[in-house]
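Each remark here refers to the structure printed beneath this line.
The values are calculated or read from the model by the stated rules, or taken from the named source; none is laboratory data. Here the structure is a predicted model, which is why all the values come from computation and not from measurement. No Cβ is skipped: glycine too gets one built from the backbone with ideal geometry, and neighbour counts run over all protein chains shown.
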Amino acid sequence: MAIAQVRLNLLLGKRVNSKTIARNTAWYGLENLIGFATSLITSIAIARTLGPTKMGYIIYVTWLTGIVSQLGSVGIPITTRKYMAEYLGGGDYTTARFIYFRTLLIQTLLAAVATFGAVIWVFYNAPAEYRIAALLLVLGMLPAMSNFISAQANVASETLSANLPGSLASTATYFILTLLAVVLDWGVNGIAFAMFAMKWVDCLVRLVPTMRRILTWKSGHAHPPADLRARMMSFASQSVMGMLLTLVVWDRSELFLLKHLTPDIRQLSFYSVAFSLAERLLIFPSIFAAASGASMYAQYGRDRSRLPSMTAASARYIALISLPIHIIAVPLAAPVVLVLYGKQYVGALVVATVAPLLCLPKAFSGPIQSLFESVDEQKYFIVTTVIASFIDIAVAWLLIPSYGALGACLGSGAAQFTAVVLMWAIGIRRYDIRLPWGFIFKISAISAFAACSAYLVTSKLAALPALLAGCAIATGVFILLGYIFKILEPEDRDRFKVISDACPPPVAAPINYLLDRFTRGLAPNSTAI
């Protein structure tokens with residue numbers, strides 16, 4: 001009787017996790033898709049208006065100022081997410097509330113100090129032609145850094161829908177102001193002001209409702225656990241170290257080398273345009289990874305023994321999403337660049353062609369990194385990233401003088417591949433993660449065949465016809481082969497039905513029909529995450 005009850009509780013736990021991940025995937029997906037569309041439109045407008053030469057300077061300045069803001073997104077905010085999720089998963093709302101308000105206070109003080117120091121730097125060291133723009137950008141650091149706490153608190157409580165209003169308001173603000181800056185020729189200062197306004201709007205719209213909701217939790221009179229402070233400090237310090245290394249491996253540090261190793265400033269634009277397009281493909285796996293990661297943090301407080309199986313399941317669905325998108329994007333990348341950015345960016349075509357494959361490893365970093373964070377073992381992420389950072393710098397330093405943007409792209413890709421392979425090797429060995437290798441091979445082979453079919457057409461047509469025909473052929477071939485080889489397992493169908501069943505019947509019916517056609521068989525019971 002007891003064994004039957006344990007099995008029932010396990011099944012119910014899996015079903016709850018699936019529904020929670022599906023719900024958060026939908027909310028996080030909506031938030032990111034809106035941002036994706038907006039950023040794509042604004043970046044194209046800016047790039048076409050300014051051209052690759054002026055765009056190169058804007059990219060470099062924005063990247064430099066963005067580094068400081070990115071450093072504010074780790075350490076305390078990530079610690080907030082991890083430990084709030086852990087205590088909320090265990091039902092301890094009092095400690096979770098304490099963590100939120102304490103970390104919000106500390107983060108705001110640090111943000112104020114960082115902003116003040118950056119303002120001083122602008123007045124004494126920033127180039128005159130970028131001084132106003134740099135000042136606007138650094139003043140946006142204060143709301144951006146403080147805003148990370150509320151955003152991560154919403155992730156920790158598995159209510160990603162609470163982050164949507166702030167994202168919508170800030171995205172609309174940035175979109176309108178950026179288009180005005182382009183149309184009215186406000187230049188770099190106009191773009192900087194759009195970013196400044198976006199960060200303040202996002203912070204204010206997100207902060208107030210988050211605080212109001214957390215204030216409804218019981219404050220209690222008990223002191224936080226004795227070991228909490230030490231655990232949080234250790235975790236935060238590891239997060240900061242990891243972020244410093246992340247800036248080298250994951251956040252296009254090659255821009256710095258490009259600026260100093262090649263005399264052609266356009267190479268910065270070619271690299272950024274090509275790599276940005278490829279990284280935008282990561283929006284789909286990152287949506288799922290963020291939603292599943294939030295549940296993994298909470299699962300640590302509920303039943304940590306299931307973390308390896310959740311990690312493997314997350315990798316399976318990221319493979320299902322990422323492999324087709326990135327592989328099929330290879331023959332379509334050059335037509336996309338020509339259609340969106342014009343012939344003045346013809347120098348980015350080779351980089352754009354290889355970038356989707358070089359960015360692919362990054363799609364698989366989310367689940368294994370979430371596992372390391374959940375079990376307080378970020379040291380594995382740090383060690384692997386240190387190794388990858390040396391590879392990144394060495395390859396980029398060697399190739400950039402001769403190959404420019406392509407050399408930078410190859411350096412980034414080599415580093416990301418190294419880091420991801422090492423992280424998964426450690427995770428598989430230490431936590432007995434069982435990846436679906438057969439499934440991954442099947443999806444890769446089908447995607448490669450679809451990409452080759454598209455290439456036979458795109459190589460013989462002009463940009464726009466090649467893009468349209470290539471998309472249609474690749475999609476058709478992939479669907480046909482997916483149907484023939486039945487790429488979904490019964491448990492996959494059950495998980496996807498959690499999402500489809502939440503849709504209106506006219507939408508759910510065809511989705512469920514396709515799920516049945518792609519599934520090898522129907523299981524009587526669900527085995528959701």
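Listed here are the residues, each with its yes/no results for (1) surrounded by fewer than 16 Cβ atoms within 10 Å (Cβ to Cβ); (2) at pLDDT 90 or above; (3) within 27 Å of the chain's Cα centre (by Cα); (4) of a type in the set (Asp, Glu).
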position	(1), (2), (3), (4)
426	no, yes, yes, no
442	no, yes, yes, no
450	no, yes, yes, no
454	no, yes, no, no
478	no, yes, yes, no
493	no, no, yes, no
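Within the stretch 357-370, residues that are assigned by TED's automatic domain parsing to the domain that holds residue 278 reach partners that are of a type in the set (Asp, Glu) and surrounded by fewer than 24 Cβ atoms within 10 Å (Cβ to Cβ) with beta carbons closer than 8 Å, at six or more positions or on different chains, in the pairs 359/279; 362/279.
Identify all residues within the stretch 256-282 that are among the hydrophobic types (A, V, I, L, M, F, W, C), surrounded by fewer than 23 Cβ atoms within 10 Å (Cβ to Cβ) and assigned to a helix (DSSP H, G or I); write none if there are none. Within the stretch 256-282, 256, 257, 261 qualify.
The conditions are (1) buried (at least 16 other Cβ atoms within 10 Å of the Cβ); (2) out of contact with any Ser or Thr (no Cβ under 6 Å at 6 or more places or on another chain); (3) at positive phi, and residue 432 fails exactly one of them. Which is it? All conditions pass for residue 432, except number (1). Applying the condition of being in a helix (DSSP H, G or I), at pLDDT below 80 and polar (S, T, N, Q) to the stretch 159-179 and asking which residue is surrounded by the most Cβ atoms within 10 Å (Cβ to Cβ) yields 163. Within the stretch 198-218, being without any contact (Cβ under 8 Å) to a residue 24 or more places away in the chain and either crowded, with 20+ Cβ neighbours inside 10 Å or not in a helix (DSSP H, G or I) (or both) holds for one residue alone: 216. In the stretch 137-156, is there at least one residue being surrounded by fewer than 19 Cβ atoms within 10 Å (Cβ to Cβ), on the phi < 0 side of the Ramachandran plot and assigned to a helix (DSSP H, G or I)? Yes: one or more hits. Answer yes or no: is there a residue in the stretch 194-205 that is modelled with pLDDT of 85 or more and more than 30 Å from residue 129 (Cα to Cα). Taking every residue of the stretch 194-205 in turn, at least one turns out to be modelled with pLDDT of 85 or more and more than 30 Å from residue 129 (Cα to Cα).
Listed here are the residues, each with its yes/no results for (1) out of contact with any Pro (no Cβ under 8 Å at 6 or more places or on another chain); (2) over 18 Å from residue 415 (Cα atoms).
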residue	(1), (2)
359	yes, no
363	no, no
366	no, no
373	yes, yes
377	yes, yes
391	yes, no
403	yes, no
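Out of curiosity, is residue 367 buried (at least 24 other Cβ atoms within 10 Å of the Cβ) and not aromatic (Phe, Trp, Tyr)? Here the answer is yes, as residue 367 does meet what is asked. Candidates 124, 130: the one that is modelled with pLDDT of 80 or more, of a type in the set (Phe, Trp, Tyr) and either surrounded by fewer than 16 Cβ atoms within 10 Å (Cβ to Cβ) or part of a helix (DSSP H, G or I) (or both) is 124. How do the pairs read when you match residues in the stretch 131-149 that are closer than 20 Å to residue 82 by Cβ with residues anywhere that are aliphatic (A, V, I, L, M), using Cβ under 6 Å and keeping only pairs 6 or more apart or on different chains? Between residues of the stretch 131-149 that are closer than 20 Å to residue 82 by Cβ and residues that are aliphatic (A, V, I, L, M), the close pairs are 145/111; 146/111; 149/104. Does residue 470 count as crowded, with 18+ Cβ neighbours inside 10 Å and modelled with pLDDT of 90 or more? Yes; evaluated as a whole, the condition is true for this residue.
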